[in-house]
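The structure appears below as structure tokens.
The values are calculated or read from the model by the stated rules, or taken from the named source; none is laboratory data. These figures come from a predicted structure and were not determined experimentally. Because the Cβ atoms are built from the backbone with ideal geometry, glycine has one as well, and the counts that use them run over all protein chains shown.
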Amino acid sequence: MINKLNLNPVNYNGTIKQASAATSPIRQNNVVEFQGAKTSAAKLASAYQALNGIKTAKTLSFTGGISLQEAFGEMNLEILTCADPDNGKMGEKVGFRMPVSDLIDKFSDSLPKFEDAVKTNIVVSEDKANNLFTEARTQIKSQGLDLLYQMAVRMPRDPKRIADLSLPLKQDIKITATPDSKLEVPMSERAYVLNTKGNLMAVVEDNEDYLNRYVLMTDTGHIEKKSSLFGGLKVDADKGGNVYTPFVAAPQEVRERHPQESQGKGTEIVIGMEDGRFVPEIIDSIAEFERKINDGEIVLDTFYAAPDADKTQIAMLAGGFGSRAEYTNASSDGIFHGKANGAQSTKGAFRTPTGLTPMETTFITLHNAGLLDCTKGVFGIGKNVKFYLNKSGVNKGNGGFTLDMYDKMARSGRTNLLILPNDPISRVTGAMKKTKELIDSKQAAMVMIAKEVDPSLAKDFGIMRLGDNNEILEFVEKPKNPSKSLISPEGKCMANTFQFAVSEEAFDALNALLPYFPAGSGKEPRDWSKCLTPVLMQLTQKDSPEEIREELAKIVDMDEQDIPLDAIANAKAILGNQKILAVPTDEPWADCGSLNQLYHTTMQIASGDFPLEDFERANVLKCVDTQTGLVTTTPELKNAVEDKYDIKGQVMVAPQASKVNPAILDEYADAITINPRAV
């Protein structure tokens, strides 16, 4: 174990070596020196290169059995979205999770007591195409009797340009705590800095009341415990020097509404999930939504079915597909997917200050569009809500999963499928109606609902170029640098919201070709955006089967000779004159596919920038403190937090995810179709 580091004041770029001239085995094990002029510095050397103000030789000593290597190891803990090699992207990095309060506790009596105690740099995101990376600087140092943990993100820079090290910091989060080891009673809070793809967020888990645990999150706010009886805790987050402005949400009159009625027959929704990933909580969340409808807590307009509503099958992808199913609350019990004893909270089951989850917001949009009847006595699990549970262990991408779900949940009279994600907050009622009209008209093989976004956000979406009658002429999934053809004269990109309808002819055409595509076990061979949509675009835009075959081979990465020309001709004949169309909309829609996006959408809701139903607005007004910036999911949670903490700035509080009784699967077994085989 290394407990002493000697720095040579002449050369900071040397290779770390054990002292070769050590006079005893103890000295050999406990001393590391900089020697030579080589530039291949390891992590420990790189960390101390970043140590400011070292002009002369110094020796930093540790006590209590903590080594420098252990200190840096603790400061560089990272999380992965997908730990399962068969499901999702194996080893996909989504950020770093820093257990700050535990770190401070562990090092409280061991760190040297001077200003720059331990400091290291971490690469938190990379743009390989432009040779840029974003870097986080972390350090622990003393601050009076307490210790301060600080994590700051630097602006993106070229790693070869050392001068750019002086660029201003983009974001800074500081956490000060009285270490647990100094207390007779341990602190009930655990503080973290969570990095989600280059954006930092401070997370505090309050576990004092085990039955009512909650999580506080902020990226531009102040959280301070009022009483230091059981340990002091203070969190300051500053995002680019932003100054907090109190919310301006004002009470609005809630109009009187009559009991909801059903004036027509809608369709059903099938929610597709992977086994072992959040299934019980999603079903439990929908059961709670049904209860609120039947108890009159949720009152909607009378349901009028759209023309031929029952010909549309709705499919929602709701858990287990890549990083979009990551945990929303940074729960210490369930930070990894598939952890048997972990908490099971997904974005689809996360309640906002409206009292609804993103999934339930979509239900209401479907109700208003005349598709899904959410009327009392009509809406319910086993009635117009069903589930498709994939136990195969192989999803082959969201496209393959949806195709299989579509076949297994066959329903007579169905002519098209409306595919939706579970995590956006959506109010695109008009676009839903227009999409339904186009797909019913047999003009389109696919119809995508599209929104304008800034080109800087293009990397998070599928981006398209539109032609006459809003035909999609070009489509690129998540481009880091969208080409000029994808940017409008107004400087905007048209993005796929992943809300789209697919005709039965498109499914038949795909099924005519899929047997010739590589099977694979990953996402790409059956992904809607990267595979199936480009395949349909080739079929609908090109006339020559030979030319189509050449392009299909590139899309699915295979030998074009393995795709029979007669199969391509057959697929084209099935589609006829159908095109791939878009429905641009300026209706409210917010992607909540990452923790930061969910956080900022919640803040929009709280500040009145998002249109709400009357019962939602009434709930928000009880859950938001417009003076301090506190936003919670229930009035009771708001009162509990305000009693315990001083809050200033935008701070979001949500119940900590808890284990859900798997018996709910048995309770609703009749509503679940299970695929037990590998497909």
| said: Is it the case, given these coordinates, that residue 246 is modelled with pLDDT under 85, over 28 Å from residue 152 (Cα atoms) and assigned to a loop (DSSP other than H, G, I, E, B)? | reply: no
When the stretch 294-334 is checked residue by residue, the ones that are at pLDDT 60 or above, more than 25 Å from residue 407 (Cβ to Cβ) and crowded, with 22+ Cβ neighbours inside 10 Å are 298, 303
Test residue 582 against the stated conditions and say whether it is touching a strand residue (DSSP E or B) at 6+ places or on another chain (Cβ under 8 Å), closer than 18 Å to residue 353 by Cβ and not in a helix (DSSP H, G or I).
no
Of the listed residues (392, 456, 485), the one being part of a loop (DSSP other than H, G, I, E, B) and of a type outside the set (D, E, K, R) is 392
Scanning the stretch 552-568 for residues that are of a type in the set (D, E, K, R) and in a helix (DSSP H, G or I), the one farthest from residue 538 (Cα to Cα) turns out to be 562
Residues in the stretch 558-602 that are among the acidic types (Asp, Glu) and under 28 Å from the mean Cα position of the chain (by Cα) total 3
Only one of 621, 665, 612, 637 is assigned to a loop (DSSP other than H, G, I, E, B) and outside the structural domain of residue 203 (by TED's automatic domain parsing), namely 612
Residue count, the stretch 171-225, condition at pLDDT 75 or above, farther than 24 Å from residue 602 by Cα and either under 24 Å from the mean Cα position of the chain (by Cα) or among the β-branched types (Val, Ile, Thr) (or both), comes to 1
Exercise for review: Return a yes/no flag: does the stretch 638-645 have any residue that is closer than 22 Å to residue 285 by Cα, surrounded by fewer than 20 Cβ atoms within 10 Å (Cβ to Cβ) and in contact (Cβ under 8 Å) with a residue 40 or more places away in the chain.
Suggested key: no
Exactly one of 656, 650 is modelled with pLDDT under 85 and surrounded by 18 or more Cβ atoms within 10 Å (Cβ to Cβ), and that residue is 656
Those residues of the stretch 465-495 that are on the phi < 0 side of the Ramachandran plot and free of Cβ contacts under 8 Å to residues at least 60 places away in the same chain come to a total of 19
Output yes when any residue across the stretch 589-598 is over 25 Å from residue 476 (Cβ atoms) and surrounded by fewer than 22 Cβ atoms within 10 Å (Cβ to Cβ), and no when none is. no
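Just to be sure before I move on: is residue 678 surrounded by fewer than 22 Cβ atoms within 10 Å (Cβ to Cβ), modelled with pLDDT of 90 or more and over 28 Å from residue 260 (Cβ atoms) in the structure I sent? Step through it out loud before you land on a result.
Details: surrounded by fewer than 22 Cβ atoms within 10 Å (Cβ to Cβ): yes; modelled with pLDDT of 90 or more: no; over 28 Å from residue 260 (Cβ atoms): yes.
No: the conditions fail for residue 678.
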